[in-house]
Amino acid sequence: MDIRPSTAVDPLLAEALAEKDKEDHLLFIQRVSETKTRQRNRLRREGRVFAHRVTNETYRYVSGPRFHPSGNKIITSKWYTGKVTISAPEGWEYNLPDLSIDQKPGTITSGSGRRVLGRTLPRGMTIDDYASQQIGPEQFIWAGDDVIIFAKNVVDEYTTSEKDVHKGVFAIFSYNITSGKQETLVDAFPGGASRPELSRDGRSLAFVRHVRDQEALVIQDLQSGSLRYIWYGLTFDWSSGSTLGGSYPSFAFTPNDDAVIIWAQGQIYRVPLTTNEFEEKIALGEPNPIRFTAHIETRIAETRKKQLDLLGLETKDTQRVHALKELALDDVGSKAVFQAAGVSIVQTFGETEATRVPVLAPDAPYYSPSFVPGVNNLVVHARWSDVNFTTFELADLDSGLAYELSGVPLGRYFTPVISAGPGYARRIAFVKSAGDSLTGDILATARPGLYVGEINLSSQSPPGPAVQDIPIRGLRFIPSDVVASDLALTIRFINSSNLLVQESSRVFSVFLDAESELVSTIFTGKMTNEIAHASRLFADAGTVDHVAFIEYQHVYLASGTALKYKEELWAKPGNSTTGLMRLSVDGGHSLAWSRDGRRLSWLLGPIIYSLDISKVHLCIDASRNDRDTFARLKSDASDARHGRNSTTSVIVAIHNATILTMETGDEAEDLIEHGVLLVQDGVISAVGRAEHVQIPAGAVTIDALGGFVMPGFIDVHAHWGGYTTRYPAKSWEMQTFLAYGVTTMHNPSSNTVDTFVERSRLESGQFIGPRILTTGTVVFAGTWTGLYEEIVDEAQALSALNRIKAEGGPFTLSYKNYQLPARASRQRLLTAAKELDMLCFPEGGANYDWNLAYIIDGMTTLEHTFPFASIYEDVSKLFVRSGTSYTPVYLVNYAGPWGEEYVWTNHDVPNDPKLRRFMRHDILEKLTESVARPRSSYVMFNASVYAAKMVNDGLKIHIGAHGEQPMGHNYHAEMFFTKSGGLTNYEVLQAATSNAASTLGILQSVGTLSAGKLADFLVYIPGVDILRGPIEDTTRLGYIVRGGRIWAADTMSEIWPVAGRKQTMPSFNPGS
């Protein structure tokens, strides 16, 4: 039977089809806006010309509509995204429009519809928690005029977690809308019950249930309660995770109830039914597929690609630091001081050159700088030591001398500030924090909070080398509710007795001389990241001066004349703070006021933006007319640069090696027996067989003893948390990754500023680790404070990506769309990315429809597996032909238990000697116990099979370990999962090296062992066969080489150029 519309019967359709190629070219290639005629033709071709809008959801996702028996309305699952992007459903009812009447625009208002069944808050939760709840009723069907049947996760209460599908996750309920009565129809145990469907006669309820390693179609007779297991041939469901796409595709009974029509194993089946002597429906014979042919055309966008010249950038003598932080101004706003990757820098506005703050330890990292009020040639800042933690220094910019501030116990301290005063006797205040992820929780963790002491500046005047230190006397703890873990926290003196504390969402004053705690809140922020107050309080009048804050990445200014004391600051249109102005064009961070309150500055990349508040009135009229355009001044910040970690021009030769170059994609071609590899100035100068490559006289030689040499691993989807640590400590995370052979990492979800700061610190030699690439802060759909962005137009898309580019400079590579619900928003970002030459790494996995749209729209990769145990030829061919690459990340696999659980069960993580050598022991010991599951429960092995099939068809796949614990080791576990689907070792190693480099656009610099590329490679111990042996043997490394620098893999002791050099790490483990 041919059900295609006939062009002979419909001449308008024939005309629309005839115009298709020309109109598609205008719309998609030339990007010419549609005329009404062209739009009508497109809708006619798509079969939607007579379609009427039913819902008008501008942000919420609606799925699974089902008709009411009357035919006048539908019920759907409406999905709510809260703080994170895992959505929770509710049941919503929508009236259907009259199809006989042309629908006018605006007929269906935004947010129309009626909630029929909402979510249930667990005990102890409040209405404020409702928006972030991830559990709710879903999969609705009607069972009469006022009764609905639905499924719900009954294992979790508030957020989703990994579950046991054998015990069951979903149960099925009925709910009477009129009476409010709810009853359980099918319990979750055993195997769960999801995707309910009612027979036409209303007597039988069909659903899907997990049985051992199978998925069954089950029918319950609602009169007798009898269960009949009809067919075990269904595809594994997705009932163990978030179910935005539904735990199983919907299905239906035939009109006379003699069969069920259901999807299974990539086909649509007819499952025949009959009745027994009790009139209960039972199976009748074998299900049969319903054969049909469909012609589908899909226009695929060009995949987003770029090239990044790492070789050129990393072989320069210096690299400019673009990401700056911790900005502070002097009294009148004529000078700024800030941190540039562990270096304190002073910039005088109007001057082109910046200067380093004088220090006592030039090789140590510094942070938290500020000017001394009234004596602006003095800067106080903090020096970091991984052994001694924080030491404060006072620097004299005029004399070039620095002095240590003594008398402070061992601890982690930040934001030191000194009070104003007419004389030398001053107060110093600072904040102590407890342990953190990099420095551990072993030493100096007691009494975090606010401290104040006395200091005499005359100790350093007249300046001279004789003075070694300036003592802090009378140091005492000030009781307050300061949140020392708040990364936006800064303090400043209002006067010698009052301290202004500025947190991410609150500003308050602390009276230092009160006998008991005396704290006074000045403002709070509704959705703020930072708040900075000009700090001139008028206590008698209860009024305040100007306040600036950052919300949704932008800088806002509120006038003191319009502010109320203790007002909640908010920039939401229609609810915003009175008199609010947006100052930033693309955004900013690190707000700073001059002490006189007349100048406000902030950072974005290497630029300090500065505004004279006295001139704000000139912008007021313009801001009222155009709330997106504001005057701005800017000063180019320091040309702060860090030197290349040079390895001199000595040649290093790796000889007697079995070299796997990964150059050609052919294993035999890439294998070099008895090979030699030469390195000079951090770059591979030659590679080949011993008879073809001569080792120069005087070269440093390393005998590989026949061991394999291959390119360094590239982790395309790596996460870690050390960049959020306030202190510039050495990173055990980075050292661990490197010790397991990862020489390049791409983090597709981090903090833009802090991660690029960490990259600069790493490249300047403050610690060792893999090369860092990142998307920066994600473009996020959840309501997480400071992250949410809808991307309503192309200007906002450009602004979002410009922020990343400002901080990353030439190392800007990519951005991440983190499950933005509107496809138009995602496409706007892609348009901006093309203009700014950036790659797109979307957060995939949870929503199948979005995954397909990512591929069709030309995003660079798909990150995470599909949310199903299987995909079929339609999707696999689309994926392979699209040009989009794939990072499955089996360690956090969607649709089932995560791969990390398999690692914890099958590897003695807490007692692994190498892991204990490099990692925090508390993290390892937390992984001592795990859950025993049969292999069939790990859906990732199924996902690995379909991934391998696509690789064989030409799909480019990568390794991404997600930063799951144990770090480093799990990169190799991810390679194990990748191979388990049927790939060869060579194909897995290709995913880990050349494939990754190609997708990241850095193949011209790394990813293969080729002359002229950066010297990133691994040397295996003799006897390890990385091509024929177990893939797990990839952990058996002898040497790690990154940029020509060589370490012993088991100890990370340097082999060359400085033999025996080894990092001193913070004491993050007991006894260390």
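The values are calculated or read from the model by the stated rules, or taken from the named source; none is laboratory data. Being a predicted model, the structure only gives us computed values, none of them experimental. Neighbour counts run over all protein chains shown; Cβ positions are idealised from the backbone, glycine included.
For region 342-370, enumerate the residues that are of a type in the set (A, V, I, L, M), under 18 Å from THR390 (Cβ atoms) and in contact with an Asp or Glu (Cβ under 9 Å, 6 or more places away or on another chain).
So in region 342-370, the residues of a type in the set (A, V, I, L, M) come out as 343, 345-346, 354, 357, 359-361, 364.
Cutting the leftovers down to under 18 Å from THR390 (Cβ atoms) gives us 343, 357, 359-361, 364.
Within region 342-370, VAL357, VAL359, LEU360, ALA361 qualify.
Of the conditions (1) surrounded by fewer than 24 Cβ atoms within 10 Å (Cβ to Cβ); (2) closer than 29 Å to ASP1033 by Cβ; (3) of a type outside the set (Val, Ile, Thr), SER749 satisfies every one except a single condition; which number is it?
Condition (2) is where SER749 drops out.
For ILE172, are the conditions met, namely being touching a residue at least 60 places away in the same chain (Cβ under 8 Å) and more than 30 Å from TRP784 (Cβ to Cβ)? Quick ask: steps written out before the conclusion?
On the way: touching a residue at least 60 places away in the same chain (Cβ under 8 Å): no; more than 30 Å from TRP784 (Cβ to Cβ): yes.
Criteria not met by ILE172.
Looking at region 103-126, can you tell me whether even one residue there is farther than 30 Å from SER930 by Cβ, charged (D, E, K, R) and not in a loop (DSSP other than H, G, I, E, B)? Steps first, please.
Step one: list which residues in region 103-126 are farther than 30 Å from SER930 by Cβ, which gives 103-121, 126.
So of that shortlist, the ones also charged (D, E, K, R) come out as 104, 114-115, 119.
Now restrict to residues that are not in a loop (DSSP other than H, G, I, E, B): 114-115.
For region 103-126, residues farther than 30 Å from SER930 by Cβ, charged (D, E, K, R) and not in a loop (DSSP other than H, G, I, E, B): present.
Being assigned to a loop (DSSP other than H, G, I, E, B) and of a type in the set (Asp, Glu) is the filter; apply it to region 322-340 and report the residue that is farthest from the chain's Cα centre (by Cα).
Applying the first criterion (assigned to a loop (DSSP other than H, G, I, E, B)) to region 322-340 yields 322-324, 330-334, 340.
From what's left, of a type in the set (Asp, Glu): 330-331.
On the way: ASP330: 36, ASP331: 39 Å.
Applying the filter and picking the extreme gives ASP331.
Can you name the residue in region 798-821 that is of a type in the set (Phe, Trp, Tyr) and surrounded by fewer than 24 Cβ atoms within 10 Å (Cβ to Cβ) and, of all such residues, is modelled with the lowest pLDDT?
Of everything passing the filter in region 798-821, TYR818 is modelled with the lowest pLDDT.
Can you pull out every residue in region 100-119 that is surrounded by 14 or more Cβ atoms within 10 Å (Cβ to Cβ) and closer than 28 Å to TYR175 by Cα?
ILE108, SER112, GLY113, VAL116, LEU117, GLY118, ARG119
When you scan region 53-67, do you find a residue that is at positive phi, in contact (Cβ under 8 Å) with a residue 12 or more places away in the chain and in a strand (DSSP E or B), even just one? Even if it seems obvious, please write down each step before you answer.
As a first pass, look at region 53-67 and keep what is at positive phi: 64.
Filter once more, keeping what is in contact (Cβ under 8 Å) with a residue 12 or more places away in the chain: 64.
Pick out the ones that are also in a strand (DSSP E or B) and you get 64.
The answer is yes; a qualifying residue exists.
Pull up region 833-854, narrow it to residues that are over 20 Å from LEU773 (Cβ atoms) and in contact (Cβ under 8 Å) with a residue 60 or more places away in the chain, then point me to the one that is surrounded by the fewest Cβ atoms within 10 Å (Cβ to Cβ).
Here the answer is ASP849.
Output the residues belonging to region 488-500 that are modelled with pLDDT under 95 and in a loop (DSSP other than H, G, I, E, B).
SER496, SER497
Somewhere in region 100-107, is a residue among the basic types (Lys, Arg) and either over 29 Å from the mean Cα position of the chain (by Cα) or more than 23 Å from ARG823 (Cβ to Cβ) (or both)? Steps first, answer last, please.
Step one: list which residues in region 100-107 are among the basic types (Lys, Arg), which gives 104.
Checking the rest, the ones that are also either over 29 Å from the mean Cα position of the chain (by Cα) or more than 23 Å from ARG823 (Cβ to Cβ) (or both) come to 104.
Yes, because at least one residue in region 100-107 is among the basic types (Lys, Arg) and either over 29 Å from the mean Cα position of the chain (by Cα) or more than 23 Å from ARG823 (Cβ to Cβ) (or both).
Could you list, in sequence order, all residues of region 875-911 that are among the aliphatic types (A, V, I, L, M) and either under 15 Å from THR978 (Cα atoms) or part of a helix (DSSP H, G or I) (or both)? Walk me through it before giving the result.
So in region 875-911, the residues among the aliphatic types (A, V, I, L, M) come out as 875, 878, 880, 889, 891-892, 895, 903, 909.
Matches in region 875-911: VAL875, LEU878, VAL880, VAL889, LEU891, VAL892, VAL903, VAL909.
What number of residues in region 237-256 are under 24 Å from SER87 (Cα atoms) and at pLDDT 80 or above?
Final tally of qualifying residues: 5.
Being out of contact with any Phe, Trp or Tyr (no Cβ under 9 Å at 6 or more places or on another chain), in contact (Cβ under 8 Å) with a residue 40 or more places away in the chain and outside the structural domain of LEU244 (by TED's automatic domain parsing) is true for just one of GLY982, GLY883. Which residue is that? Show your work before the answer.
On the way: GLY982 fails: in contact (Cβ under 8 Å) with a residue 40 or more places away in the chain.
Checking each option against the conditions leaves just GLY883.
Tell me which residues, restricted to region 176-194, are in contact with a Ser or Thr (Cβ under 6 Å, 6 or more places away or on another chain) and surrounded by 14 or more Cβ atoms within 10 Å (Cβ to Cβ).
Restricting attention to region 176-194, the residues satisfying the condition of being in contact with a Ser or Thr (Cβ under 6 Å, 6 or more places away or on another chain) are 183, 185, 192, 194.
Once the filter is applied, which keeps residues that are in contact with a Ser or Thr (Cβ under 6 Å, 6 or more places away or on another chain) and surrounded by 14 or more Cβ atoms within 10 Å (Cβ to Cβ), region 176-194 yields LEU185, GLY192, SER194.
Over 23 Å from LEU1027 (Cα atoms), β-branched (Val, Ile, Thr), out of contact with any His (no Cβ under 6 Å at 6 or more places or on another chain) and touching a residue at least 12 places away in the same chain (Cβ under 8 Å): which single residue out of VAL683, VAL687 fits that description?
Values: VAL687 fails: over 23 Å from LEU1027 (Cα atoms).
After ruling out the rest, the residue left standing is VAL683.
Does region 728-758 hold any residues that are part of a loop (DSSP other than H, G, I, E, B), in contact with a Leu (Cβ under 8 Å, 6 or more places away or on another chain) and more than 23 Å from SER433 (Cα to Cα), and which are they? Walk me through it before giving the result.
Step one: filter region 728-758 for residues part of a loop (DSSP other than H, G, I, E, B), giving 728-731, 740-741, 748-751.
When the remaining residues are screened for being in contact with a Leu (Cβ under 8 Å, 6 or more places away or on another chain), the result is 729-731, 740-741.
Within region 728-758, TYR740, GLY741 meet the criteria.
List every residue pair whose Cβ atoms sit under 8 Å apart, with the two residues 6 or more apart in sequence or on different chains, where the first one lies in region 756-767 and is closer than 16 Å to LEU310 by Cβ and in the same structural domain as GLU733 (by TED's automatic domain parsing) and the second, anywhere, is β-branched (Val, Ile, Thr) and part of a loop (DSSP other than H, G, I, E, B).
Short answer, once both residue conditions are applied: SER760/VAL321; LEU762/ILE768.
Consider GLY124 carefully, then state whether it is touching an Asp or Glu at 6+ places or on another chain (Cβ under 9 Å), outside the structural domain of ALA824 (by TED's automatic domain parsing) and not basic (Lys, Arg). Break it down into steps so the answer makes sense when it comes.
Numbers: touching an Asp or Glu at 6+ places or on another chain (Cβ under 9 Å): no; outside the structural domain of ALA824 (by TED's automatic domain parsing): yes; not basic (Lys, Arg): yes.
Judged against the criteria, GLY124 is not a match.
Could you please let me know if ILE923 is at pLDDT 95 or above and under 29 Å from GLN267 (Cα atoms)?
So ILE923 does not fit the description; no.
Taking strands (runs of 3 or more DSSP E) that fall entirely within region 162-274, which contain at least 1 residues that are β-branched (Val, Ile, Thr) and not assigned by TED's automatic domain parsing to the domain that holds ALA932?
Values: elements: 170-176, 182-186, 194-198, 204-211, 214-221, 227-234, 259-264.
By residue number, 170-176, 182-186, 204-211, 214-221, 227-234, 259-264.
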